[in-house]
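Asks: I am attaching a structure below and will ask some questions about it afterwards.
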Amino acid sequence: MKLEIIDRDDHQKQVIAEIDNESFERFKHQAARKISKEIRIPGFRPGKAPYDVIRRVAGDKAIQDEAVELMLKEIYPKILEEAGIDPYGPGKIDEILSLDPPKFSFIIPLNPSVELGNYKEIRREYNEPVITDEKVEEVIERLRRRMGVAIPVERPSQPGDLVAIKMSARLLNPEEGEEAVLIEENTFEMVAGMPEDHTDENGNEWPFPGFVNELVGLQAGEKKTVLHTFPEDDSDDDLSGKEAEFVIEVESVKEIQKPQLDDDFAKTVGGFETVENLRKTIRNQLQDSETSKYNQEYFQALIEELVNGATVQYPPVALEEEIEHVLSHFLQDLQQEKMDFDTYLKTRELSREEFIEQEIKPVAERRLKRDLVLEEFATRENLRFRPEELVSIYNMAREQARSNDLFRTFRKGKMDTRTLTDTLARSTINELFNQRLTSRLRAIATGQAELAQNTTQSEPGETATNEQTVASPEPEVNESEQATPGVESDLSQSTVQE
């Protein structure tokens, strides 16, 4: 067998293999015997007809086609071995160049390659958020306002007053076919001058930042028109850069008489024995929330720097698989929202091909590169799980799955013990991997990894292993940005996100 190996620029190799005629004749005879078992040849038992008889009945082309198939199954592994290629997946015949002698062109995808670059030089300080007494008191004051009694007053509103308004809003220069009405006229109650009382879970104020400040100084019966231009980077893309008019009419102003801040108040809020217990709980919750948010931003920045500094190559089939993966999850999200794909495409005025090219493919490309980089990082930094660790995790998951309460819960969804065990084990592995990954990234970025290495070199009596370096757990990165290669995430609420 003669091989010609040609490098391609898409991380694949073209291999031209030439087989000797004698070998091809052998495969043709094998093909003929196989065909004779599948078709009826008068006067002969299945598989017993002579070669020439089979040729007359089945034809040379049928025998050649079958021979090529049989030959490829046998020689393809030998081609890979002789060419020294470790393929990413099955190759494909690009072209049959000749049958005399047999000569075939294969396109073989290569395993992805990742060069991480100087990732150990990445530096970023880690400054854990500090919860001040003022932040704790702000939460307590919000609780007191919410539990206060609203008393009508005949004066202009002051910060902290409850203002009932009739409000409507419209776009000033709507585009053709665009709905101008943003808010149908309705009554709303808002705390004047207290934007923190009117934010969603992401900290976004409604209807726009600073709106409640416009209510300060107004009194019952007064009207006000507020113009607002939404910023270009507004989270609602449909409103980015657009100007709107908000019409306000004050119906009433009420002063909120807050309850006394004492132990009785603490008991009313949540069964706390004392105000100090309430403060402590609030501080801990704020600390957890702020630290989680900080870690999310900190580690995503590190991962982004790690990925941007890497050189990644992969074959087209790897991206095609990731596109299918991302699209599949997007379609599942659509199904949960009771919307079919065709209807969604019509609302977006996109064809399937345009949607995949413009929105699915970019997400898949970023995910694929990111997963490959993190996988290589895990290998380089020895963050993989040892076999005994995996066995221990699986055994614990199996015991957990056998728990009566847990099993009864999942049995309703027809999940058997083995499936539940696998699910719990994967979840645990993902969580632990995230802890190891973020701990190692932080050690590198803060210089602790280098310091540990220098300490080990200068003090031969002490030992520093990767296991020691990554032992202390860090909060995970957000679910939508799981650090674990291959973890699901990206598409939710019928929008393509990373």
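The values are calculated or read from the model by the stated rules, or taken from the named source; none is laboratory data. Not measured: the values here are computed from a predicted model. Methodologically, a virtual Cβ is constructed for each residue, glycine included, from the backbone with ideal geometry; neighbour enumeration extends over all protein chains shown.
Asks: Could you tell me which of the residues Lys338, Lys361 is within 23 Å of the chain's Cα centre (by Cα), in contact (Cβ under 8 Å) with a residue 24 or more places away in the chain and farther than 23 Å from Glu431 by Cβ?
Replies: On the way: Lys338 fails: in contact (Cβ under 8 Å) with a residue 24 or more places away in the chain.
Of the residues listed, the single one that is within 23 Å of the chain's Cα centre (by Cα), in contact (Cβ under 8 Å) with a residue 24 or more places away in the chain and farther than 23 Å from Glu431 by Cβ is Lys361.
Residue-wise test of (1) modelled with pLDDT of 95 or more; (2) in contact with a Lys or Arg (Cβ under 6 Å, 6 or more places away or on another chain); (3) loosely packed, with under 13 Cβ neighbours inside 10 Å; (4) outside the structural domain of Val247 (by TED's automatic domain parsing).
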| position | (1), (2), (3), (4) |
| --- | --- |
| Ser157 | yes, no, no, no |
| Lys166 | yes, no, no, no |
| Asn173 | no, no, yes, no |
| Glu176 | no, no, yes, no |
| Gly193 | no, no, no, no |
| Asp200 | no, no, yes, no |
| Asn204 | no, no, no, no |
| Pro207 | no, no, no, no |
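Asks: I need the full set of residues from region 336-360 which are closer than 18 Å to Glu320 by Cα, of a type outside the set (Asp, Glu) and surrounded by 14 or more Cβ atoms within 10 Å (Cβ to Cβ), in order please.
Replies: Within region 336-360, Phe355, Ile356, Ile360 meet the criteria.
Asks: What number of residues within region 246-280 are among the small types (Gly, Ala, Ser) and under 21 Å from Glu134 (Cβ atoms)?
Replies: Quick first cut of region 246-280, residues among the small types (Gly, Ala, Ser) only: 252, 266, 270-271.
Among the residues that remain, those that are also under 21 Å from Glu134 (Cβ atoms) are: 266.
Number of matching residues: 1.
Asks: Now for a separate question. Within region 39-54, track down each residue that is under 23 Å from Pro102 (Cβ atoms) and surrounded by fewer than 16 Cβ atoms within 10 Å (Cβ to Cβ). Before the answer, list the steps.
Replies: Initially, region 39-54 is screened for residues under 23 Å from Pro102 (Cβ atoms), giving 51-52, 54.
Answer for region 39-54, where residues must be under 23 Å from Pro102 (Cβ atoms) and surrounded by fewer than 16 Cβ atoms within 10 Å (Cβ to Cβ): Tyr51, Asp52.
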